[in-house]
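These notes concern the structure reproduced below.
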Amino acid sequence: MQITYFYSVNLPPVNGNTSVLRWIFGIAVPFFWITALFFPAYSDGTPGIMCFAMGWTMIFSGNLFAFGAWFSNLPFWISYFLVMFSRRSGAMNASMVLAVIALMLSFGSLTVTEVMQNEAGFVQAAHPSVSVYIWLTANVLLGAGAVMIRKRSAT
């Protein structure tokens with residue numbers, strides 16, 4: 001069954017089982033990820049957007065888990081775009097693997113115990129705050145969404 005709209009544009013048929021899930025996860029995952037940018041990520045008041053912009057510097061402080069958490073944004077977004085825009089089962093499998101990798105790497109954000117305050121290298125003790133947990137929620141939602149959409153599209 002094809003759906004025809006104005007000007008005779010033929011759209012491919014939509015699988016009702018996965019289209020609603022794609023919409024829900026397509027809105028919820030970026031919403032949580034973007035929301036996390038505007039809240040304090042650590043107890044010292046460091047905003048999430050600063051962690052996103054400067055997280056790569058954690059490799060120089062020796063906290064490879066925190067660097068991995070920053071790096072997890074790459075497989076996160078690749079997985080997100082595969083879930084949202086690919087219909088092939090191979091891409092969906094890759095999306096699930098990338099979502100799990102992103103989720104595992106993102107837990108490195110919980111290992112941060114000190115945050116650099118300035119260019120001189122002064123650090124302040126810190127522990128995760130609201131933004132970290134919102135960001136982890138986005139990662140969990142992406143993983144759950146990838147698995148659910150893959151299972152529904154297989155049936």
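Classify the stretch 12-96 from the C-alpha gyration tensor, please: rounded if a/c falls under 1.5, else prolate or oblate depending on whether a/b exceeds b/c. Oblate, because a/c is 1.5 or more while a/b does not exceed b/c. Neighbours of residue 86, meaning other residues whose beta-carbon lies under 14 angstrom from its beta-carbon, give a summed charge of +4 when Lys and Arg score +1 and Asp and Glu score -1. In this structure the amide hydrogen of residue 114, modeled in the peptide plane, comes within under 5 Å of the amide hydrogens of 126, none closer than 5 places in sequence on its chain. To test your reading of the geometry: what angle, between 0 and 90 degrees and rounded to tens, separates the Cα axis of helix 89-106 from the longest principal axis of the chain? With rounding to tens, the tilt is 20 degrees. Value of Rg to Rh for the chain, rounded to two decimals, is 1.11; Kirkwood radius and Rg both from alpha-carbon coordinates.
Packing-based ranking of 28-38, 53-63, 93-103 yields 93-103, 28-38, 53-63, ordered from highest to lowest mean Cβ neighbour count within 10 Å. Helix 73-85 and the long axis of the chain differ in direction by around 10°, with both axes built from C-alpha atoms. Amide H to amide H, with H built 1.01 Å from N, residue 42 comes under 5 Å of 129, counting only residues 5 or more places away or on other chains.
Let me know the longest stretch in the chain that avoids all trypsin sites (Lys or Arg not before Pro) found in a DSSP loop with at most 16 other C-beta atoms within 10 Å. Result, exposed sites excluded: 1-86.
For the chain, the longest principal axis of the Cα atoms and the long axis of helix 16-36 meet at an angle of about 20 degrees. Projecting the Cα positions of 92, 63, 75 onto the charge dipole of the chain (unit charges on Cβ atoms of Lys, Arg, Asp and Glu, taken about the Cα centre) puts 92 furthest along the positive direction.
Rule-based calculations on the coordinates, nothing more; no lab input. Only a predicted model underlies this, so the values are computations on that prediction, with no experimental measurement involved. No Cβ is skipped: glycine too gets one built from the backbone with ideal geometry, and neighbour counts run over all protein chains shown.
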